[in-house]
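Note sheet for the following structure.
The values are calculated or read from the model by the stated rules, or taken from the named source; none is laboratory data. No experiment lies behind these values; they were computed from the predicted model shown. Backbone-built Cβ (ideal geometry, glycine too); neighbour counts: all protein chains shown.
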Amino acid sequence: MVDSAGSAGKKDIQRFWKSLYESLYDDVDSGLTRDSLLQAVDDLEDMFRLRRQMATVELDLSSIRGKRVLEVGPGAGGHSALLARHGAVMTSIDVTFDRARATQRKFELMGELASGCAALQGDAENLPFADATFDIVYSNGVLHHTYDTERAIAEVHRVLKPGGQAVIMLYCKDSWHYWVNLVLCTGLLRGAFLRGRNWVGQVTEWGGKKRQTVDNPITRCYSRAEMKGLFAAFRDVTLRKHEFYWYLFPLFGRRVREYLRRKYGEHPGGVLVYGEPWPMWSPSEAKLGPIMGWNWYVSARKTD
């Protein structure tokens, strides 16, 4: 591993997220048409509203028409396409070319619905935009995978207009998944602690149809106090804990996932963001999310 200025470290990040893109999204994206994309975006919004994901809670979709919105780390472009569908003028930036290209293709398929929207390759720690450019900066589960998360948050603050809103998800250290699934079961009982300082990165994030052959260079998790420090330069900061899943338990998670699929069904809204339908929550998962969930959903404002 190298520091944030090292090109080798950024190449490691690009290599992992390119590989994960190919495992999760290749076949989904290759078959998209305008009609199927628009239906998938509608499904995604419905799933987000059901789950109370931050795009439908911290962000007011009814008020973003005409606003300049930056998404940092769009993945395959599902979130960006949803925001564009509601009239936002999107700029989407990803360190991995394949993900930026997939997002741009979705904008192109949307045609006039994504007028003025563009995706490009770039670095969250060195955003290629002038100060005070955007009304909203949105980032879902991305900035904890940068080498310098503090610098990336500072860049979010810099490119926001005065009074602009940051809507960001970062992983929660004060969670069941961190302390039980990762630290106890995977770190201690399975010996992942022995892999070095980035052991959390090496045991998280992989999914899809292909076998993992590339390590995830970095994943960070944050306590409430650490989150307050990260967003100290902002005002009106709110933190909401969310997203609890029994199937993340490392010893019997796959069996639980299949049981939940059979009992509660699945939602097609997961296809754009996970490469497959999302297994519906059980009632216990929905209740436990705000108490011990894996995600911090953040809304914060730049000082006027």
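Scanning region 245-304 for residues that are buried (at least 19 other Cβ atoms within 10 Å of the Cβ), assigned to a loop (DSSP other than H, G, I, E, B) and not charged (D, E, K, R) yields Tyr245, Gly275, Trp281, Gly293, Trp294. Quick one: in region 274-304, which of the residues that are at pLDDT 95 or above and among the β-branched types (Val, Ile, Thr) is farthest from Leu143 (Cα to Cα)? Step by step, filter region 274-304, then rank; the result is Ile291.
Selection of region 261-275 for residues being under 18 Å from Gly207 (Cα atoms) and free of Cβ contacts under 8 Å to residues at least 40 places away in the same chain yields Arg261, Glu266.
Against the criterion of being closer than 20 Å to Ser175 by Cα and loosely packed, with under 14 Cβ neighbours inside 10 Å, Ala232 does not qualify. Between Leu113, Leu109, Leu120, the distinction of being in contact (Cβ under 8 Å) with a residue 12 or more places away in the chain, in a strand (DSSP E or B), more than 16 Å from Val273 (Cβ to Cβ) and not acidic (Asp, Glu) belongs to Leu120 only. Count of region 76-94 residues, restricted to those that are under 14 Å from Leu44 (Cα atoms), outside any helix (DSSP H, G or I) and either acidic (Asp, Glu) or touching a strand residue (DSSP E or B) at 6+ places or on another chain (Cβ under 8 Å) (or both), is 1.
For region 276-296, the tally of residues that are closer than 22 Å to Glu205 by Cβ and small (Gly, Ala, Ser) stands at 2. Contact map, region 11-24: residues that are of a type in the set (S, T, N, Q) paired with residues that are assigned to a helix (DSSP H, G or I), Cβ distance under 9 Å, separation 6+ or inter-chain. Pairs shown: Gln14/Phe97; Gln14/Asp98. Condition check for Glu150 on (1) closer than 18 Å to Phe231 by Cβ; (2) surrounded by 15 or more Cβ atoms within 10 Å (Cβ to Cβ): one failure, at (2).
For region 142-198, filtered to residues that are of a type in the set (D, E, K, R) and part of a helix (DSSP H, G or I), the residue that is farthest from the chain's Cα centre (by Cα) is Arg195. Yes or no: region 242-261 includes at least one residue that is of a type in the set (A, V, I, L, M) and touching a Cys at 6+ places or on another chain (Cβ under 7 Å). Yes: region 242-261 contains one or more residues that are of a type in the set (A, V, I, L, M) and touching a Cys at 6+ places or on another chain (Cβ under 7 Å). Please work out which one of (1) surrounded by fewer than 22 Cβ atoms within 10 Å (Cβ to Cβ); (2) within 23 Å of Lys11 (Cβ to Cβ); (3) within 19 Å of the chain's Cα centre (by Cα) is the condition Pro128 fails and give its number. With respect to (1) surrounded by fewer than 22 Cβ atoms within 10 Å (Cβ to Cβ); (2) within 23 Å of Lys11 (Cβ to Cβ); (3) within 19 Å of the chain's Cα centre (by Cα), Pro128 is out only on (3). Looking at this structure, is Val237 closer than 29 Å to Glu45 by Cβ, surrounded by 13 or more Cβ atoms within 10 Å (Cβ to Cβ), out of contact with any Phe, Trp or Tyr (no Cβ under 8 Å at 6 or more places or on another chain) and in contact (Cβ under 8 Å) with a residue 24 or more places away in the chain? Considered against the rule, which asks whether it is closer than 29 Å to Glu45 by Cβ, surrounded by 13 or more Cβ atoms within 10 Å (Cβ to Cβ), out of contact with any Phe, Trp or Tyr (no Cβ under 8 Å at 6 or more places or on another chain) and in contact (Cβ under 8 Å) with a residue 24 or more places away in the chain, Val237 comes out as no. Taking the criterion of being in a helix (DSSP H, G or I) and either in contact (Cβ under 8 Å) with a residue 12 or more places away in the chain or buried (at least 20 other Cβ atoms within 10 Å of the Cβ) (or both), the residues of region 28-41 that qualify are Val28, Asp29, Arg34, Leu37, Leu38, Ala40, Val41.
Candidates Val95, Val57: the one that is surrounded by fewer than 23 Cβ atoms within 10 Å (Cβ to Cβ), among the β-branched types (Val, Ile, Thr) and closer than 19 Å to His267 by Cβ is Val57.
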